[in-house]
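Undergrad: Here it is, the structure in full.
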Amino acid sequence: MRTERITFTGAQGDDLSARVDRPIDGRARAWLLFAHCFTCSKDLRAVGNLTHALNQEGIGVFRFDFTGLGQSEGEFADTTLSSNVDDLRAAAAWMEEHLEAPAILVGHSFGGAAVILAARHLPSVRAVATIGAPFDPRHVKHLFAESLDEIERAGAADVSIAGRRFTLSSEFVRDLDSSAMETAIRELRRPLLVLHSPIDQTVGVDNARAIYEAARHPKSFVSLDDADHLLLDERDSRYVGTVLAAWVERYLAPRPERGRAESELADDAVVTRTPGDTFRTEVLARGHALLADEPAAVGGDDLGPTPYDLLAAALGACTSMTLGMYARRKGWPLEEATVQVRHTRIHARDSEGCDDREPRMDRLSREITLEGDLDADQRERLMEIADRCPVHRTLSAGVEIETRPAGGSAEPS
């Protein structure tokens, strides 16, 4: 994903730190505004993982640190749930001016309560989702229950939450008590997706039941099975991103026609993008997104096919397409063509005169299965046609590769 770090002015006048994460071609079909969990940050790895999954489906993500948290300025002691809602409104206003008004609101844990309360103020929002969210924001009191008397008596107190010290004010507690969460859920008037783990030890799954029962249709619930509250396992956070992208598809405008006339990329380019700390690679081809990766044995996450897998897939796909097209043209009863392709390296035949090391060459082995009531002559002819598929011809003829820096002149290599 393409990330831009920006700051915007929060509800209390402080500079808030944010990240704008765009799909690989720079163009988002819709923008999502994300609210992080209580005392957390926009930069949690889990948030990055679900953002990757959303970007892959063409959805841009705006995430920020609430006042006094993460890299944002301001004092946490001066914040409340209501001020978090106001920060979300300020973020949405920045998005509307510089990107596009948010179409989707997603909140994790305490942030889930914030997005439900904020939705009524944001007419652009078409769908709302919560992840491990409390039905009643007062639920967070259990994190500092032993300090409630001191907060009430002194007006504020230092508390320890997840091993970190924070100052909480009596205003924060009173604001929790006055939040009309159930009313906000009933009057949401947007599609709602509730994601929750049945073994969540921080916010119990009964909260999800209460949110779901209070909400009106359309509403959906997805169990996160054995996930923990913070989605620390990458598989869980990526799954959440994938589910969000699939669910919200129903509530977005239809996808534009393929092609990227308004994109920053060339119309005929296949684009790949790899972060510096991983093999995971986003691939965009004519608007179709997929992932490439390497196996765990060589340091990858095994989230997609390897580059050589994709090369083999190109040959296999082109072969079976060509066979189907030829059979249809001839009116032959080919029901299905299955092609298995294996990539190996073999000893080069022209190894004479090579002193440094034993030379090797690449081989793509193809095994073709033809289904249908074909006679022997038809099967033989189709096997001949397999060698005429365009990718086969390209690979056999050899390819000239030219490499240049973006904006530079081509230099064949």
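Undergrad: Using only alpha carbon pairs under 8 Å that are at least six residues apart, calculate the relative contact order of the chain and give it in whole percent.
TA: Details: 771 pairs, mean separation 46.6, N = 413.
Across the chain, relative contact order equals 11 percent.
Undergrad: Given N residues in the range 283-351, what is its alpha carbon radius of gyration divided by 2.2 N^0.38 Å?
TA: On the way: Rg = 16.6 Å, N = 69, 2.2 N^0.38 = 11.0 Å.
With N residues counted in the range 283-351, Rg over 2.2 N^0.38 Å equals 1.51.
Undergrad: Distance in nm between label sites at THR272 and ALA296, each 7 Å beyond Cα in the beta-carbon direction?
TA: Label at THR272, label at ALA296, 2.3 nm between them.
Undergrad: Residues with amide H under 5 Å of GLY74's amide H, sequence separation 5 or more or different chain, H placed in the peptide plane at 1.01 Å from N; which?
TA: GLY68
Undergrad: Quick one: P(r) of the range 1-149 from all Cα-Cα pairs, 10 Å bins, percents rounded to integers, in order of increasing distance.
TA: 12, 45, 34, 8, 1, 0
Undergrad: Also: Enumerate by residue number the GluC sites (Glu not before Pro) in the range 93-180 meeting two conditions: DSSP loop (anything except H, G, I, E, B), and at most 16 other Cβ atoms within 10 Å of the site's Cβ. Each step should come with its number before you reach the end.
TA: Numbers: sites: GLU96, GLU97, GLU100, GLU146, GLU150, GLU152, GLU171; in loops: GLU100.
Passing both the DSSP loop test and the Cβ count: GLU100.
Undergrad: Give the residue from ALA180, HIS288, SER83 lying farthest towards the positive end of the charge dipole for the chain; charges sit on Cβ (+1 for Lys and Arg, -1 for Asp and Glu) and the dipole is referred to the Cα centre.
TA: HIS288
Undergrad: Another one. Using just the C-alpha positions of the range 90-209 as equal point scatterers, what log10 of I(q)/I(0) does the Debye formula give at each q in 0.23 1/Å?
TA: -1.24
Undergrad: Let's see if you can work this out: charge +1 on each Lys and Arg Cβ, -1 on each Asp and Glu Cβ, no other charges. What is the dipole magnitude of the chain about its Cα centre, in debye to the nearest 20?
TA: It comes to approximately 1160 debye.
Undergrad: What are the semi-axes of the equivalent ellipsoid of the range 136-207, taken as the square roots of 5 times the eigenvalues of the Cα gyration tensor, listed largest first and rounded to whole Å? The partial results should precede the final answer.
TA: Numbers: eigenvalues 144, 59, 16 Å².
The answer is 27, 17, 9 Å, longest axis first.
Undergrad: What residue among HIS392, PRO307, GLN71 has its Cα farthest toward the positive end of the dipole of the chain, where the charges are +1 on Lys, Arg and -1 on Asp, Glu, each on the Cβ?
TA: Comparing the listed Cα positions along the dipole, HIS392 ranks first.
Undergrad: So what is the diffusion coefficient of the range 30-87 in µm² per second by Stokes-Einstein at 20 °C and 1.002 mPa s, using a Kirkwood Rh over Cα pairs?
TA: For these conditions, the coefficient is 176 µm²/s.
Undergrad: Right, here's the next one. Let me cross-check THR319: its accessible surface, 1.4 Å probe, with only protein heavy atoms counted, in Å² to the nearest 10?
TA: 0
Undergrad: Using the basic label-point model (7 angstrom from Cα toward the beta carbon), what is the ARG27 to GLN340 distance in nanometres?
TA: A separation of 4.2 nm, rounded to one decimal place.
Undergrad: Return the loop-located GluC sites (Glu not before Pro) in the range 1-74 (DSSP other than H, G, I, E, B) with at most 16 other Cβ atoms within 10 Å of their own Cβ; answer none if there are none. Present the calculation step by step, with values, prior to reporting the outcome.
TA: Details: sites: GLU4, GLU57, GLU73; in loops: GLU57, GLU73.
Passing sites in the range 1-74 are GLU73.
Undergrad: For a distance above 17 Å, tell me the whole-number percent of Cα pairs in the range 158-197 that qualify.
TA: Values: 460 of 780 pairs.
Roughly 59 percent, once rounded to a whole number.
Undergrad: Taking only DSSP H segments of four or more residues, each worth -39500 (n - 2.57), what value at 222 nm results for the chain once the sum is divided by all its residues, to the nearest 500 deg cm²/dmol?
TA: Details: 11 runs with 129 residues, N = 413.
It comes out at -9500 deg cm²/dmol, rounded to the nearest 500.
Undergrad: Under a 1.4 Å probe, what is the accessible area of the chain per residue, stated in Å²? Please list the in-between numbers first.
TA: On the way: 21560 Å² over 413 residues.
Ligands and nucleic acids excluded, the result is 52 Å² per residue.
Undergrad: In the chain, if the dipole is taken from +1 on Lys/Arg beta carbons and -1 on Asp/Glu beta carbons about the Cα centre, which of PHE8, TRP332, ILE104 is farthest to the positive end?
TA: Going by the Cα projections, it comes out as TRP332.
Undergrad: Cα atoms only, the chain: Rg and Dmax in Å?
TA: According to the Cα coordinates of the chain, Rg and Dmax are 27.2, 94 Å.
Undergrad: Something else about it: Mind telling me which of ARG174, ARG138, ARG164 comes out most flexible in a GNM of the chain, alpha-carbon contacts under 10 Å?
TA: With Cα springs under 10 Å in the chain, the top fluctuation among ARG174, ARG138, ARG164 is at ARG164.
Undergrad: Please compute the length gained on full extension between ARG363 and SER223, using 0.36 nm multiplied by the number of residues separating them and subtracting their Cα-Cα distance. Could you put the intermediate results ahead of the total?
TA: On the way: separation 140, 0.36 × 140 = 50.40 nm, distance 4.55 nm.
Fully extending the segment from ARG363 to SER223 adds 45.9 nm.
The values are calculated or read from the model by the stated rules, or taken from the named source; none is laboratory data. Please read all numbers here as calculations on a predicted model, not as lab measurements. Don't worry about glycine lacking a Cβ; one is built from the backbone with ideal geometry, like all the others, and counts go over all protein chains shown. Ligands, DNA and RNA are stripped out before the accessible areas are found, and what is left, the full protein with its side chains, is counted by its heavy atoms. Shrake-Rupley method; radii C 1.70, N 1.55, O 1.52, S 1.80 Å.
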